[in-house]
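The values are calculated or read from the model by the stated rules, or taken from the named source; none is laboratory data. Given the structure is predicted, the values throughout are model-derived calculations rather than measurements. Cβ placement follows ideal geometry from the backbone for every residue including glycine, while neighbour counts extend to all protein chains displayed. Areas reflect the complete protein model, heavy atoms only, side chains present, ligands, DNA and RNA absent. Shrake-Rupley method; radii C 1.70, N 1.55, O 1.52, S 1.80 Å.
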Amino acid sequence: MRRAICTAALAVLLFTGVGGCWSSQELNNRAFANAVLIDLTEDGEIELSIGFPLPNRMIPAQAGGSGQPQGSPYTFVTKRASNISQALRLIQVDLSRNISFGQTRSIIVGRRLAEQGLDRVVEFVFRQPSFRLSANLFVTPNKVTEITRIPLAFERVIGDILRKYINNHFTLDTTVKDYKLALYQGGDILIPLLTFGQQPEIAVEDPKKDRWMGTGGAAIFSGGKMAKTVLSVKDLRGALWISSQLSTTTITIASPSDGKEISCFIEGIKTSIKPNVKNGKVAFQITSSAKAFVQTSLSEIDLKDPAVIQQLENILQKDVEERLKKVLDKTRKARSDAFLFSQYLDWRYPKIWKSMRPQWKHYYAEELPIEVKVKILLNRTGGVYRSVVQETHI
């Protein structure tokens with residue numbers, strides 16, 4: 001009897017899985033927000049833009065017709081109000097569907113709002129049950145509405161473009177949750193910057209969309225607000241290296257023999273951050289290792305010589321160490337513990353962190369010794385030992 005009851009209960013549970021929607025809200029009555037853009041206007045109002053895929057334009061062929069649907073499959077709706085909630089309400093009353101944030105993957109914030117802090121953004125997101133805390137944060141160098149002029153060439157929605165920047169390790173992976181946790185440690189963090197440019201030749205279908213978008217550097221946040229000091233595109237590679245978010249990269253160095261270019265592909269990057277306490281003094285050590293192989297060489301240098309390989313390894317290691325130190329110096333200039341060294345200290349030496357917490361920001365910016373050690377093994381030189389250009393002139 002007990003077995004029969006258990007079997008019947010299991011069958012009921014299995015059938016509930018194919019029973020259709022779990023709520024009274026039909027999919028056809030929902031507008032799925034893919035990207036959320038938030039900025040601050042010159043008069044202090046919140047400007048909220050939400051990007052929506054248009055289902056009626058994403059169907060390959062309409063019933064009773066043929067061919068592709070006309071028009072862009074993606075649109076933005078923008079409203080201004082005194083706060084985010086009121087702006088959202090104004091957008092909602094103009095839509096025929098109910099807004100859902102269940103598929104929102106990207107939140108893009110304009111610089112003016114970022115300089116005042118993202119507290120209002122995080123507060124709004126955390127109170128939306130359907131909002132994913134894994135949504136990525138981005139900052140634009142100027143007005144956030146620049147993104148609405150981007151033509152969708154390779155992807156159908158803006159959110160997919162931004163998400164692939166993250167998945168391909170082209171920029172930092174900073175989420176809403178990361179920012180919220182950073183606030184508990186003082187509000188210091190790095191958020192990726194987008195970059196925009198003019199490119200009239202791509203505005204074929206819509207003359208208003210003559211811009212291109214790419215990954216820029218990174219915004220440094222100190223105390224929850226964006227600092228004036230930012231990381232450049234080159235600095236961003238160093239930030240990705242330190243935060244263990246960089247899988248591969250290419251470094252070009254000058255040959256020690258004739259000064260000509262040698263490009264090396266770097267892979268297998270591993271980085272660790274460790275605090276050390278000696279005689280009551282706190283210091284940090286960043287240790288990193290990687291493998292490399294020669295991609296291109298315009299130099300006549302002999303890559304068969306082990307001494308030459310060692311020399312190139314030293315040049316690569318010094319180049320990377322200088323890059324990492326430059327990134328650290330910029331965060332210290334901005335008085336931002338952007339790589340959360342304080343958390344490493346708290347995990348390893350909680351008592352010392354408790355005593356240093358009140359003066360930590362000053363200590364990080366002015367006094368903290370940080371040692372950077374990079375070990376790169378150049379274990380492949382490609383299919384030839386000498387430059388192909390040099391070989392053709394022999």
Accessible area in square angstrom per residue, the chain, 1.4 angstrom probe: 54
Electrostatic dipole magnitude of the chain [Cβ: Lys, Arg +1; Asp, Glu -1; Cα centre; debye, to 20]: 1420
DSSP beta bridge pairing in the chain, given as percent antiparallel to the nearest 5: 70
GNM top mover of 218, 254, 135 - the chain, alpha-carbon springs below 10 Å: 254
Solvent-accessible surface (1.4 angstrom probe) belonging to residue 134, in square angstrom, nearest 10: 60
Accessible surface of the stretch 209-255, 1.4 Å probe, proportion on carbon and sulfur as whole %: 52
Test item: Cα-centred dipole of the stretch 234-389, Lys/Arg +1 and Asp/Glu -1 on Cβ, debye: 840
Antiparallel DSSP beta bridges within the stretch 234-389, as percent of all bridges there, nearest 5: 70
Highest to lowest packing among 162-171, 106-115, scored as the average C-beta count within 10 Å: 106-115, 162-171
CD proxy at 222 nm, helix term only [per DSSP H run n ≥ 4: -39500 (n - 2.57); per residue of the chain; nearest 500]: -9000 deg cm²/dmol
